[in-house]
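The values are calculated or read from the model by the stated rules, or taken from the named source; none is laboratory data. Being a predicted model, the structure only gives us computed values, none of them experimental. So basically every Cβ, Gly included, is an ideal-geometry build from the backbone, and we count neighbours across all protein chains shown.
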Amino acid sequence: MTGPLGSASTITKLPAQDLERARDFYRDKLGLEPVEERIGGLRYVCGPTEFHVFLSAGSPSGRSTQMGFEVEDLEATVADLRARGVTFETFEMPGFEAAGDMISAPDNYPSKGTGELGAFFYDSEGNLIGLAQAVGEGTPQLRVGHDRPLANIVTLGVRDFAAQRDFYRRLGWSQAFDSDDFAVFELRGAVLALFPLDKLAADSRTMPGNGRDGIRFSIIISVDHRQEVDEFAERVRAAGGRFTKEPVDADFHDGRSAYFADPEDNYWEIAWIASGGPVVQAAKRAAGLWKWS
């Protein structure tokens, strides 16, 4: 028998020790504005649901999730929020797989899917907020990551971009991304990228290859966080690598990158792409870091 609350709407209430600090966090970090407010309270509406942030002398424990958002693309959402300055947390959770900032739950409520991907962060007031993406047929699931670098994108510097792209299309290779000057083909275990040679040289701060010197190709080491570009660069420097482009904000995509050459002048790029997107997803699929249910 349905009780008196069976038809009632539920509302999440989050405590805040500093309401203006909380307002700034939800606006600047999450892109949310209150739809209305009262003395000591802010009301937010997201889709068909709402939550309130209220001034309180108490503080949350932060040991369990106070509120969750269900999203369609967790990886893209995490990348967007991280670019806004949100710091994600990692937790040891028995029975869950972890890869970077995200975890994979082995099951879900039957009406929602067969599994769930998740990520967590704290708001400015210490409330633990969760993000979740339902996993079902055709939805990617995380696989456990590795300490070894993800370096399976080979970028060829080409002189005739259109002709080279057509050549690889005629081979029947699956194309994961296409634009006027960048094309990506998904292989088994690796990803092939085509980039005009002059732009590859400009991006790497060196000269185009002429058969003996300069750059003709690079292998991309993909990292999950902006700071990892600089951290990996320090390892390369300590090992004796020569940088042609120190870690900087990227020229041809939204992110951060650096180029270095090994002792025999083979070129590598260290890259973080803020939005993730089809190229990063293709590289992770090829490496087996995503699996399809």
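Remarks
- With a requirement of 2 or more residues that are aliphatic (A, V, I, L, M), the strands (runs of 3 or more DSSP E) lying completely within segment 19-61 that satisfy it span 41-46, 49-55.
- The conditions of being modelled with pLDDT of 95 or more, under 21 Å from the mean Cα position of the chain (by Cα) and either at positive phi or not small (Gly, Ala, Ser) (or both) are not met by residue 74.
- Exactly one residue out of 215, 221 is farther than 29 Å from residue 76 by Cβ, assigned by TED's automatic domain parsing to the domain that holds residue 160 and either aliphatic (A, V, I, L, M) or modelled with pLDDT of 85 or more (or both), and it is 215.
- Top-ranked residue of segment 252-272 - restricted to ones that are out of contact with any Lys or Arg (no Cβ under 9 Å at 6 or more places or on another chain) and either farther than 28 Å from residue 213 by Cα or assigned to a loop (DSSP other than H, G, I, E, B) (or both), ranked as modelled with the lowest pLDDT: 264
Yes or no, residue by residue, for (1) of a type in the set (A, V, I, L, M, F, W, C); (2) over 30 Å from residue 90 (Cα atoms):
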| site | (1), (2) |
| --- | --- |
| 156 | yes, yes |
| 166 | no, yes |
| 182 | yes, yes |
| 185 | yes, yes |
| 226 | no, no |
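- Just one of the listed residues (92, 116) is among the charged types (D, E, K, R) and at pLDDT below 85, and it is 92.
- Taking the criterion of being outside any helix (DSSP H, G or I) and either touching a Gly at 6+ places or on another chain (Cβ under 8 Å) or farther than 12 Å from residue 268 by Cα (or both), the residues of segment 221-239 that qualify are 223, 224, 225.
- Between 5, 19, 55, the distinction of being aliphatic (A, V, I, L, M), loosely packed, with under 12 Cβ neighbours inside 10 Å and out of contact with any Pro (no Cβ under 7 Å at 6 or more places or on another chain) belongs to 5 only.
Residue-wise test of (1) surrounded by fewer than 16 Cβ atoms within 10 Å (Cβ to Cβ); (2) more than 30 Å from residue 87 (Cα to Cα); (3) in contact with a strand residue (DSSP E or B) (Cβ under 8 Å, 6 or more places away or on another chain).
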site: 196; (1), (2), (3): no, yes, yes
site: 206; (1), (2), (3): no, yes, yes
site: 214; (1), (2), (3): no, yes, yes
site: 229; (1), (2), (3): no, no, yes
site: 236; (1), (2), (3): no, no, yes
site: 252; (1), (2), (3): yes, no, no
site: 257; (1), (2), (3): no, no, yes
site: 270; (1), (2), (3): no, no, yes
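- Scanning segment 122-151 for residues that are polar (S, T, N, Q), modelled with pLDDT of 75 or more and surrounded by 19 or more Cβ atoms within 10 Å (Cβ to Cβ) gives 127, 133.
- Some residue of segment 212-219 being under 23 Å from the mean Cα position of the chain (by Cα) and either within 13 Å of residue 279 (Cβ to Cβ) or not in a loop (DSSP other than H, G, I, E, B) (or both): yes
- Here 81, 117 are screened, and the one residue that is touching an Asp or Glu at 6+ places or on another chain (Cβ under 9 Å) and not in a loop (DSSP other than H, G, I, E, B) is 117.
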